[in-house]
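Written below as structure tokens is the structure these notes are about.
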Amino acid sequence: MSELSESASQTAGPYVHIGLVPNWAGLGGVFPEDLGAVMVRDGAKGERITLSGRIFDGTGAVLRDALVEIWQADAAGLYPSPRETRGTADPAFAGWGRCACDLETGEYRFETVKPGRTPFPDGRMTAPCVAMWIVARGINLGLSTRVHFEDEAEANAEDPVLTRLDARARTLIAKKEGPGAYRFDVRLQGENETVFFDV
């Protein structure tokens with residue numbers, strides 16, 4: 001009887017794009033548009049914003065094959081979820097988006113609304129923030145982080161998550177580039193490594 005060798009561990013490769021963003025991968029006809037491609041519909045309430053950035057590996061090279069998902073509350077701080085008991089979330093806002101990074105520049109980009117504050121489990125209010133999940137070739141498990149906004153300094157100063165972090169909390173702050181435009185670059189390793197969460 002021969003010995004069987006263990007299969008090599010796999011990271012997210014080209015199939016993640018085929019399965020999650022088939023239109024982007026050139027496989028039209030599965031969905032009219034890729035799921036998560038549009039977060040904001042006509043009539044959505046709140047400030048429209050753009051969240052964009054790139055993902056850098058430990059050597060400073062840009063990951064061009066990453067896929068990014070975000071989840072967030074609407075402008076009133078309500079989630080479009082059956083578990084939301086505080087009110088009804090904005091029906092014109094999805095609260096979730098998915099984007100494959102540009103293969104040339106590595107840029108991801110979401111058209112969304114600025115989220116409202118939400119309650120932490122202990123009742124304290126969080127600063128406006130976006131949950132982000134990243135997967136790419138070379139990443140064995142999806143990476144989870146949070147995006148806060150530089151122009152929400154007062155709310156950030158009392159946020160239950162940011163206040164538990166040391167100076168690295170700054171790695172979770174999106175920079176304002178102009179009216180409604182925020183940039184959030186992710187660094188997977190090395191100096192200025194982004195804080196990731198085990199969720």
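Quick one: in the range 7-18, of everything that is surrounded by 12 or more Cβ atoms within 10 Å (Cβ to Cβ) and either in a helix (DSSP H, G or I) or touching a helix residue (DSSP H, G or I) at 6+ places or on another chain (Cβ under 8 Å) (or both), which residue is modelled with the lowest pLDDT?
Among those that are surrounded by 12 or more Cβ atoms within 10 Å (Cβ to Cβ) and either in a helix (DSSP H, G or I) or touching a helix residue (DSSP H, G or I) at 6+ places or on another chain (Cβ under 8 Å) (or both), it is Ile18.
Mind telling me which of the residues Leu141, Leu103 ends up being closer than 20 Å to Ser52 by Cβ, free of Cβ contacts under 8 Å to residues at least 40 places away in the same chain and loosely packed, with under 14 Cβ neighbours inside 10 Å?
Within the list Leu141, Leu103, the selection yields Leu103.
Any residue in the range 67-83 that's without any contact (Cβ under 8 Å) to a residue 60 or more places away in the chain: show its pairings with residues that are surrounded by fewer than 19 Cβ atoms within 10 Å (Cβ to Cβ) and in a strand (DSSP E or B) at Cβ separation under 9 Å, as long as the two are six or more apart or on different chains.
The qualifying pairs are Gln72/Trp96; Gln72/Ala131; Gly77/Pro119; Gly77/Met125; Tyr79/Trp71; Pro80/Trp96.
Please determine, by comparing only the residues of the range 27-52 that are in a loop (DSSP other than H, G, I, E, B) and aliphatic (A, V, I, L, M), which one is surrounded by the fewest Cβ atoms within 10 Å (Cβ to Cβ).
Out of the qualifying residues, it is Val38.
Quick check on the range 170-184: of everything there that is closer than 19 Å to Ile70 by Cα and of a type outside the set (Lys, Arg), which residue is surrounded by the fewest Cβ atoms within 10 Å (Cβ to Cβ)?
The qualifying residue surrounded by the fewest Cβ atoms within 10 Å (Cβ to Cβ) is Ala181.
Each row is one residue, and each column tells you yes or no for (1) at pLDDT 95 or above; (2) within 25 Å of Leu67 (Cα to Cα).
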{"position": "Thr85", "(1), (2)": "no, no"}
{"position": "Ala94", "(1), (2)": "yes, yes"}
{"position": "Thr118", "(1), (2)": "yes, no"}
{"position": "Ala153", "(1), (2)": "yes, no"}
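Where residues in the range 53-62 are crowded, with 20+ Cβ neighbours inside 10 Å and touching a Phe, Trp or Tyr at 6+ places or on another chain (Cβ under 8 Å), which of them is nearest to Lys114 (Cα to Cα)?
This residue is Gly53.
The values are calculated or read from the model by the stated rules, or taken from the named source; none is laboratory data. Since this is a predicted model, take the numbers as computed values, not measurements. Reconstructed Cβ throughout: ideal geometry from the backbone, glycine too, with neighbour counts over all protein chains shown.
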